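> A single structure is presented below for examination.
Please treat every number below as a calculation from the coordinates, not as lab data. Here the structure is a predicted model, which means the values were calculated and not measured. Note that each Cβ is placed from the backbone with ideal geometry, even for glycine, and that neighbours are counted across all protein chains shown.
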Amino acid sequence: MRKKGIVLLIIVMTQILTGCWSRVEVNDLSIVTATALDKIEGGKIRLTLQIAVPRMLGQVGSGGGGGGGRGSGGEKKSTVTVSENGETVLDAFRRLQEKLPRKLFFSHSRIIIIGEQLARDGVSPVLDFFSRYREARLHSYILFTKGEASDILNIPPKWEKISSEEIREEEKSHIGVSIYLVDFLDMLLTDGVEPIAALVEPKSTEVKKKSDSESGQSPPESEKSVVIAGAAVFRKDKLIGWMNGKEARGALWLRNELKQAVITVTIPEEMGNGKVSAKLLKGESKFKPILKNNKLIMKVEIRAQDDLYENSSKLDLNKPDAIKYVQKKLEEDIEKRIQIVLDKTQKQFKSDVFGFGTAVYRTYPKAWKKKFKDRWDQEFPELEVKIAAHVRVVRTGLTNKSITLEDKEFIK
Amino acid sequence: MLDNGKINSRQAGFLMFSFLMGSAILMIPSTVTSLAKQDGWLSVLIATVFGLGIVLIYTTLGLRFPKQSIIQYSEMILGKWIGKIVGLLYIWFPFHLGTLVIRNSSDYVASTALPDTPMIVISGLFLAVIAYGIRGGIETLGRVNEIILPFREPIVLLIVVLLLKDMKLGKLAPLLGDGVLPVLKGSFPVTSFPLGETVLFTMLLPNISNIRKLKKAYMFAIVLGGIFLTLSVISTLLVLGPSITSRLNFPVQSIIKVIDIADFVTNVDSFGMLLWISSNFVKIAVCYYCTAVGIAQWFRLSDYRQMVTPVGILMLIFSMTVYENNIEQSTFAATIWPFYAMPFEVLIPLFMLLVSIIRKLDGRGRGK
Amino acid sequence: MKLGWVIRLLTASRRYKKSSIQKRDPRKSEPLSGAFALDIEHLKSIFDRSSDIVYREFNIGRMQKGVLIFLEGLVNLKMIDEDILKPLLEYGKSMPQPSNLRLKDMEKLLQDQIISVAQVNRGESFQEIVDYVLSGDTALLIEGASKAFFFSTKEWEKRSVEEPATEAVIRGPREGFTENLRTNTSLIRRRLKTPQLKMEGLTVGRLSKTEIVITYLDGIVDEAIVTEVRERIGRIDIDAILESGYIEEWIEDNPYSVFPQVQNTERPDKVVGHLLEGKVGIIIDNTPFALIVPVTFFDMMQASEDYYQRYFVSTAIRWLRYMFVVTALLLPSLYIALLTFHQEMLPTNLLLSVAASRETVPFPAIVEAMLMEVSFEGLREAGVRLPRPVGQAVSIVGALVIGQAAVQAGLVSAPMVIVVSITGIASFTMPSFSQSIAIRLLRFPMMVAAGTLGIYGVLMGTLIILIHMTRLRSFGVPYMSPAAPLQFSDLKDVLIRMPWWGMVERPEQTGKKNPQRMKNRFRPDPPSRGE
């Protein structure tokens, strides 16, 4: 009997040897590094893919180390951008595949960029593909752009070999909004929170010189690089507006996602006239919904720890009182920033991207179900929000008093 | 006795633990969160308590007849004819369960790793490997499991640790936001799948060398299994949140995909498959073994090994034809299975226990 | 199993009749006739066409004829001259009257007064004469006697005790077994000065008459294992035993397994170490490789040096070996699986650089890997077979020149070369050569499995190997013990190498009979300062 089992195994193995169903050699793959989706006229979807060309990427001993993508001619690009239209994503995908000699391979695409038109019409239909398809990653960054998404993929990289790597690194640093597809879907599906995602734009890495702006010349495309410029705000799956960089950072404060921040406050004349900049060490926000007499108040508490890194004022930072003063100033600044973004979302977007609703549900699940769940759209713009920031300055860098000032100049 | 191999209680407990990890750990998070949302993990904990009760029933019954399996003592307790029918049922149950799990495994392998490979190759190879193991008897199963287990479970824990940075505690709140009812509802399917399925382990009783420690080992396995299942539910909830978890077919696989160590180790879900298939190996092997031994006992054959190949081929054919697609399967697993499995898992053993107590039947005194 | 069936098919056609092999020379079993000339004639006909047989005829006294028969090259000539021939001749001269020695006097005289050789035996048949002479004794036939006398004069050319070539150590004894059985037994005796050390002798092989010694420590070893060894060796029916590998294949539990179920070693200290754990050693004449049974997978993973180095180091080295066993078995197959099935698991940058290096490679990954692995095995084999200086040149040419050229020509990708080299190195970390070659062999089916079903195939292959290994037994001891069946206390010598003061008990599977190794757990302490 044991013999039969082995014979069966051998038969199975030989069967297997003759066919090679799912096997694909690496050099038969088109490795997709970024995906862009747009909606074109007629409601069709345009799928644009950035595909790496391994031949042009640092092969050991090939000399030059694959600096090909520097954009200057295009004779040696490290990536190729291809696109095709289709009824659905998979349809476009199939049409695209027809044009390519190698099998499209999605697993290494960790960026999805969606154009404005598609975003305004609703993203749910296209995102379904990315949650269902085996090769797609739920942990790819989802980004939105004003205009056409495919343009972003054509901007040549500056530091990395592939531009999508650059975008990913930028997202990972958490300076701007950085949202994974899975987070986006979670916000979309969960009651009491609306999706938000990063906005990317091509921007010049250099600040415009005066002569350039006077002559009206914009820098050439190759000088530009992709920058996270703000945030896209959604209601359900439809884009309803953009936040600029500053507002987006305010939203980050509220969403408790801020990892890096520099806060600069102005010290008025009587206190020393100048600026103090602080770097965030740790920031944390907490929502405390309070339901009293059928009226909902949202208390937002923000705790931050900062290091002071720059002081151009005449404030003597060796004095605890001065530190307290700066702390108060910082608190005011944070509250102001947050108030701005809060006003904008409540009044203009009317979309709860901060998850106030979820906070209410977590504290008052019953009341939420009865009273707020179905009419949160109306409740949210009217919600009273109280912001309280608490800042603690932990260190003052390597100096205490400013090294550039003489003792007598300090304001006591 | 059909299989002369002996395992000790610890090995039996380990087998039961792996049995619980097989197939269930991948599906349960989705099942319970669709019923109990963010309180799904509580459902699993409650189900563990129910599971303990079930274990208590069938081990108490089994330990009254330590030299026999359920197929043999059912004839003693219920009389020849009803006993034979009950025996037949307990051949059918592991067979059916085994086919479901093998189908489930191949579906999973096909949809995550080998999309273009024919299902029959995946299942066929798996069954052939398992058949080879079963020919070695329960001893081999116990030992193979003993080698794999100390590798697999630490890796599972490691995965949880690696996911810590992606977890957000808030996703578990509010606790019992929708009351207790959904939690209890959620615990029902978990009780029957996989905790109640351990009723098959009554078949192993004649092969246990130190039977006194058996009850403790089985209880321990259930508790540990419950803890690991809870852990899997909690981690999926913390990483993905209830709304996404309930929508995914294999949520655990998705969270393994989330792991990212220094941008170097990413997308390791195929390794996750290894963990899961290795515990499925135990689950299918136990079902397969129980079927083969059960048939041999039912027909009073001298060797169960001649049943291994036919049972394997039948299982393969059944697994290929039992469902049209994976939706049918998950619907079956979530809605019909709990009711279908309850008689096997609770009612029949309980009834037999009561009858044997009333009739004062006891197999402990005699025996070879 | 399939393999067994094939083997039986192959051997069936040339199965000889038992009698044709066992037919004995009828002349040999006859007793001595007592007629001197006739007997000599008879012996010469038995030993005809044997130029190395020497018949030294002489006279004792005046009339009585005698002959010494021995094999030149197997005897100590000086000893024959001085201790046998000379005393005999001198005795003859000193005999008072020209009378013949009578048989009954002869025995007494020879043994007690004349011959100064340690061991003297008597025999009456030609068979005995043949046996003794062939094993290096000197036979004496004297006219008028129907008995032959045998003097132990064995001495032949032998290698001196040298450092074992296959099991080198940094720290530890440098003695290895030689081809001489008695040297080998003495090497063991010297390490265990106790009458408990038993050395049972056996002779196997119809033509070779190879001496085999079963050695064990009485009172520690499990009697059942010794009996089993004795029985299994007793069953052997073969014309000649040339090496311990013959015995190994005859006494294995499962003859259809790639895994060695008997350990072989050149090191006496290793044998003694195992004897102390209650195992049985088998020493075979004419080979420096002794066998140890029963043995487990983990025994094979332990080098004798593990027990001489500090235990922290040994523990770490053991873990290194475990890691490398897995590497040797799985690395090429995992590489293939990742590269052809699960490209998503490679980090993006790594995938891109691997893809870049594979652009020019004409083969699929599986073929490339097979080619490389096979040529690596070829290189290794060539290195063993070729004379040492040439071997080195071959390995340099093979490894450096061909490898480099193949990569530059784009026939093979650089990552593949790295994978193959790491695998090769990993396979050499195993202390047991027979073990490492088994693992190396299994690598190939694993690669095929990986090339057809990816990681799933690798898993299935691993499961088959695991099932096979857990089913194996070596003289009744489960091959994977103490991991499966799990024996916690024995993990002290598997997961870690417990310091010697912690190894209180012998391993459960073989040392059950007398588990205590030392009296109590004693841990060295610095002298207490208070006193």
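> In whole angstrom, how far apart do the alpha carbon centroids of segment B:313-328 and segment C:423-448 sit?
39 Å
> By how many nm would the segment from C:L276 to C:E41 lengthen if fully extended, with 0.36 nm per residue of separation less the alpha-carbon distance?
Stretched fully, the C:L276-C:E41 segment lengthens by 79.3 nm.
> Given a cut-off of 19 Å, name the pairs among B:K216/C:K513; C:K65/C:K86; A:K39/A:K146 whose C-alpha atoms lie farther apart than that in the structure shown.
Flagged as over cut-off: B:K216/C:K513.
> What order, most packed first, do the peptides C:109-121, C:405-417 have when packing is the mean number of other Cβ atoms within 10 Å of each residue?
C:405-417, C:109-121
> Which residue, A:G357, A:G272, A:N318, has the largest displacement toward the positive end of the dipole of segment A:261-412 when charges sit on each Cβ (Lys, Arg +1; Asp, Glu -1)?
Positive-most Cα among the choices belongs to A:G357.
> Show the residues, 5+ positions off or on another chain, whose built amide H is closer than 5 Å to the amide H of A:V300.
For A:V300, the qualifying residues are A:K288, A:K386, A:I387, A:A388.
> Sticking with this structure for a sec: What nm distance separates the two modelled labels at A:D377 and A:S312, each placed 7 Å from Cα along Cα→Cβ?
4.8 nm
> Going by Cα centres, segment C:155-191 and segment C:499-518 are how many Å apart?
27 Å
> Further, regarding this structure: For A:D28 and A:T264 in one chain, what is 0.36 nm times their gap in residues minus the Cα-Cα distance, to one decimal in nm?
Residue separation times 0.36 nm, minus the Cα-Cα distance, leaves 79.7 nm.
> Let me ask something additional. Using a 7 Å offset from the Cα along the Cα-to-Cβ direction at both C:L350 and B:D263, what is the distance between the two label points in nm, to one decimal?
My value for the distance between the label points is 1.5 nm.
> Give me the tail of P(r) for segment C:26-151 as a percent: Cα-Cα pairs with distance above 19 Å.
43 percent
> Going by alpha carbons, how many degrees (0 to 90, nearest 10) lie between the helix axis of C:433-471 and the longest principal axis of chain C?
30 degrees
> Given a Förster distance of 25 angstrom, what is the FRET efficiency for A:D191 paired with A:Q348, based on the Cβ-Cβ distance and rounded to 0.05?
That pair, A:D191 with A:Q348, gives E of 0.65.
> Please compute the contact order of segment A:261-412 in relative form: average sequence separation of alpha-carbon pairs under 8 Å and at least six residues apart, divided by the residue count, as a percent.
Over segment A:261-412, the number comes to 32 percent.
> Continuing with this model, one more query. So how far apart, in nm, are the two label points at C:E505 and C:L89 if each is 7 Å from Cα heading toward Cβ?
6.9 nm
> Could you run the Debye sum over the Cα atoms of segment C:181-295, one equal point scatterer each and no solvent, and tell me log10 of I(q)/I(0) at q = 0.14 Å⁻¹, two decimals?
With one equal scatterer per Cα and no solvent, log10 I(q)/I(0) is -0.51.
> Using alpha carbons only, how many degrees (0 to 90, rounded to 10) separate the axis of helix C:365-385 from the longest principal axis of chain C?
30 degrees
> Something else about it: Calculate, for C:R235 and A:V7, the FRET efficiency according to 1/(1 + (r/R0)^6) with r their C-beta to C-beta distance and R0 35 Å; round to the nearest 0.05.
0.70
> May I pose another question? Most exposed first by the Cβ proxy, i.e. fewest other Cβ within 10 Å, how do C:I225, C:I396 rank?
C:I396, C:I225
> When the dipole is taken about the Cα centre of the protein assembly as shown, and only Lys, Arg (+1) and Asp, Glu (-1) are charged at their Cβ, what size is it in debye, to the nearest 20?
Roughly 3280 debye, rounded to the nearest 20.
> Per-residue ellipticity at 222 nm for chain B, helices alone: DSSP H runs ≥ 4 residues times -39500 (n - 2.57), over residue total, nearest 500 deg cm²/dmol?
So the calculated ellipticity at 222 nm is -22500 deg cm²/dmol.
> Turning to a different aspect of this structure: What value in Å³ per residue do you get for the convex hull of the alpha-carbon atoms in segment B:218-368?
Value for segment B:218-368: 201 Å³ per residue.
> Starting from the coordinates of the alpha-carbon atoms of the protein assembly as shown, obtain the Kirkwood hydrodynamic radius over all distinct pairs and give the value in Å to one decimal.
The answer is 37.6 Å.
> Could you name the lysines in cross-link range of C:K209, using Cα to Cα under 22 Å and dropping any fewer than eight places away on the same chain?
C:K17, C:K18, C:K23, C:K28, C:K44, C:K154, C:K158, C:K198
> Over the Cα atoms of chain B, what radius of gyration and what Dmax do you get, in Å?
20.1, 66
> Would you tell me the mean number of C-beta atoms belonging to other protein chains that fall within 10 Å of each C-beta in B:163-171, as a whole number?
Mean shielding count: 2.
> Projected area of segment C:346-473, taken from the Cα convex hull and averaged over every viewing direction, in nm²?
Hull-based average projected area comes out at 9.4 nm².
> Cα extents of segment A:261-412 along the three principal axes, largest first, in whole Å?
That gives 65, 26, 25 Å along the principal axes, largest extent first.
> A follow-up question, please. Could you work out the helix-only [θ] at 222 nm for chain C, with each DSSP H run of four or more residues adding -39,500 (n - 2.57) and the total divided by the number of residues, to the nearest 500 deg cm²/dmol?
Calculated at 222 nm, the ellipticity per residue is -13500 deg cm²/dmol.
> Kirkwood hydrodynamic radius for chain C: how many Å is it when counted over pairs of different Cα atoms?
Answer for chain C: a Kirkwood hydrodynamic radius of 27.9 Å.
> Next question, about the same structure. Amide H of A:V393: which non-local residues (sequence gap of 5 or more, or other chain) have their own amide H closer than 5 Å, using H built in the peptide plane?
Residues meeting the amide H criterion: A:D306.
> Mind ranking A:89-96, A:348-355, B:238-245 by how tightly packed they are, going by the mean number of other C-beta atoms within 10 angstrom, highest first?
B:238-245, A:348-355, A:89-96
> Average partner chain C-beta neighbours within 10 Å, per residue of B:116-127?
Partner-chain Cβ atoms within 10 Å, mean over residues of B:116-127: 5.
> Can you give the Kirkwood hydrodynamic radius of segment B:30-133 from its Cα pairs, in Å with one decimal?
Result for segment B:30-133 stands at 17.3 Å.
> Relative contact order (percent) for chain B, with alpha-carbon contacts under 8 angstrom and 6 or more residues of separation?
The value is 41 percent.
> What FRET efficiency would be calculated for the residue pair A:N400, A:W159, taking the C-beta separation as r and a Förster radius of 35 Å, to the nearest 0.05?
Step by step, r from the Cβ atoms, then E = 0.40.
> For segment A:216-321, I need the span (max minus min coordinate) of the C-alpha atoms along each principal axis, in Å, sorted largest to smallest.
For segment A:216-321, the Cα spread along each principal axis is 60, 51, 24 Å.
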